Amino acid sequence: MEKDIINGALPLEKAQSAKSLSVLSLAYMGDAVLEILSREYVISRSGKVKPGELVYETKKFITCEAQSDAVERIADILNDDEQDIFRRGRNAKTHFTPKHGDVIQYRRATGFEALMGYLYLSGNISRMKELFTAAYEIKDARETPTE
């Protein structure tokens with residue numbers, strides 16, 4: 001398994017396609033993907049170096065409120081497949097009560113995370129980054145996190 005990860009191939013990719021995973025598994029992966037993209041962006045652009053300041057800046061991307069607002073900005077540019085993944089994630093039964101935001105925001109955030117997880121596991125990294133950039137209204141293409 002370690003050899004596969006080192007070579008850039010996740011064992012998951014060999015066993016099943018991203019579309020065959022549960023939407024909550026996609027959201028779980030998407031949560032991590034958004035965390036990484038946000039951290040890369042904050043580190044590359046904020047000029048902050050203290051961990052507390054970095055965490056504060058990153059929260060502008062990863063709270064359910066921020067993700068709910070972000071997905072609203074990209075709704076019109078999602079293709080049919082992406083809309084389907086988002087809708088499935090938004091409608092998934094999570095049995096979780098959000099600490100912040102309301103239930104609608106939390107569900108939309110889950111849909112956004114599912115979409116990002118799907119794109120990542122499908123290997124569609126350029127589209128994932130394109131949507132991240134549009135969702136958070138990052139104006140300068142040079143500001144997009146690196147691959």
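Structure above, values below:
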quantity: Selection status of residue 44, out of contact with any Ser or Thr (no Cβ under 9 Å at 6 or more places or on another chain), of a type in the set (Ser, Thr, Tyr) and either closer than 20 Å to residue 64 by Cα or at pLDDT 55 or above (or both); calculated: no
quantity: Residues of the range 43-81 classified as aliphatic (A, V, I, L, M), outside any helix (DSSP H, G or I) and within 16 Å of residue 129 (Cα to Cα), total; calculated: 1
quantity: Residue among 129, 93, 99 that alone is more than 9 Å from the chain's Cα centre (by Cα) and either in a helix (DSSP H, G or I) or surrounded by 19 or more Cβ atoms within 10 Å (Cβ to Cβ) (or both); calculated: 129
quantity: Tally of residues being farther than 19 Å from residue 32 by Cβ and without any contact (Cβ under 8 Å) to a residue 60 or more places away in the chain across the range 66-78; calculated: 6
quantity: Members of the range 16-34 found to be charged (D, E, K, R) and either surrounded by fewer than 16 Cβ atoms within 10 Å (Cβ to Cβ) or not in a helix (DSSP H, G or I) (or both), listed by number; calculated: 19
quantity: Top-ranked residue in the range 79-109 [being modelled with pLDDT of 95 or more and of a type in the set (S, T, N, Q); ranked as nearest to residue 35 (Cα to Cα)]; calculated: 83
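The values are calculated or read from the model by the stated rules, or taken from the named source; none is laboratory data. Bear in mind the structure is a predicted one, so any value in this text is a computation, not a measurement. Ideal geometry is used to build each Cβ from the backbone, glycine not excepted, and the neighbour counts take in all protein chains shown.
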